[in-house]
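The values are calculated or read from the model by the stated rules, or taken from the named source; none is laboratory data. Since the model is a prediction, treat every value here as computed from it, not as a measurement. We place every Cβ from the backbone using ideal geometry, glycine too, and count neighbours over all the protein chains shown.
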Amino acid sequence: MNQIQTKIKLIVLSFIIWYFYFPMVMNDSKLQALHTVLSAHQPGIIAVSGGVDSTFLAAATQKWGLDYLAVFLAGPHISPQDRSDAVKSVRQLGLPYHIGDFSPLDVPGAADNGKERCYHCKAAMIKAIQEQAGGGRNQVMDGSHLSDSMEYRPGRRALAEHGVLSPLS
């Protein structure tokens, strides 16, 4: 993907988030509840994946002028293009950000591809985020949402055990 295509993709993503996704999933009471949760836990960290949900959450903190750092973990599991797109999205929003290093292949219990691999990987990712970008920012938030909790997701258990908040769920 060339630079022009990437820029167009980012503009379209921003447009979709603010004019379609945001009003569709968030009414006034949900927005107020989200604002209350985010305000209460600053300074904090938004774990961004480059997807719509975590980008929306990061954009909300920026729109409301809240003190959050966007953190993206890069490693062999992330393509250079996905990394570039995620960084460009965060930059476009004007958020402070940190790109951390993480390899799921180094995580015991994840690399062996067993049933609980997602649990072990997510727990290690949270620890990496806190170690690499914490600096007084104790609360990690992610973009998990209600439909994520309706499926078998071992990684959700790791989020709960490590105190990660998912304000969209």
With the structure loaded, tell me whether L73 is aliphatic (A, V, I, L, M), in a helix (DSSP H, G or I), modelled with pLDDT of 90 or more and under 15 Å from G143 (Cα atoms) or whether it fails that test. no
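Considering only residues of segment 110-129 that are touching a His at 6+ places or on another chain (Cβ under 8 Å) and at pLDDT 85 or above, which is surrounded by the fewest Cβ atoms within 10 Å (Cβ to Cβ)?
The initial filter retains those residues of segment 110-129 that are touching a His at 6+ places or on another chain (Cβ under 8 Å), namely 110, 123, 126-127.
Then drop every residue that is not at pLDDT 85 or above, which leaves 123, 126-127.
Numbers: A123: 21, I126: 22, K127: 14.
Applying the filter and picking the extreme gives K127.
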If you take just the helices (runs of 4 or more DSSP H) that sit entirely in segment 1-68, which of them hold at least 2 residues that are closer than 26 Å to F102 by Cα, of a type in the set (A, V, I, L, M, F, W, C) and modelled with pLDDT of 90 or more? 52-63
Would you check if A111 is touching a residue at least 12 places away in the same chain (Cβ under 8 Å) and of a type outside the set (D, E, K, R)? no
Please work out which residue is surrounded by the fewest Cβ atoms within 10 Å (Cβ to Cβ), limiting yourself to segment 59-87 and to residues that are touching a residue at least 60 places away in the same chain (Cβ under 8 Å) and under 14 Å from the mean Cα position of the chain (by Cα). D85
Of the residues that sit in segment 88-109 and are of a type in the set (V, I, T) and in contact with a strand residue (DSSP E or B) (Cβ under 6 Å, 6 or more places away or on another chain), which one is surrounded by the fewest Cβ atoms within 10 Å (Cβ to Cβ)? I99
Anything in segment 75-126 that is closer than 19 Å to P154 by Cβ and aliphatic (A, V, I, L, M)? List them, or say none. L105, V107, A110, A111, A123, A124, M125, I126
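Give segment 28-58 a look and list any residue that's of a type in the set (A, V, I, L, M) and surrounded by 23 or more Cβ atoms within 10 Å (Cβ to Cβ), or say none.
Passing the criteria: I45, I46, A47, V48, L57, A58.
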Suppose we keep only residues that are of a type outside the set (A, V, I, L, M, F, W, C) and under 23 Å from P80 (Cα atoms) within segment 132-150. Which one would you say is modelled with the lowest pLDDT? Q132
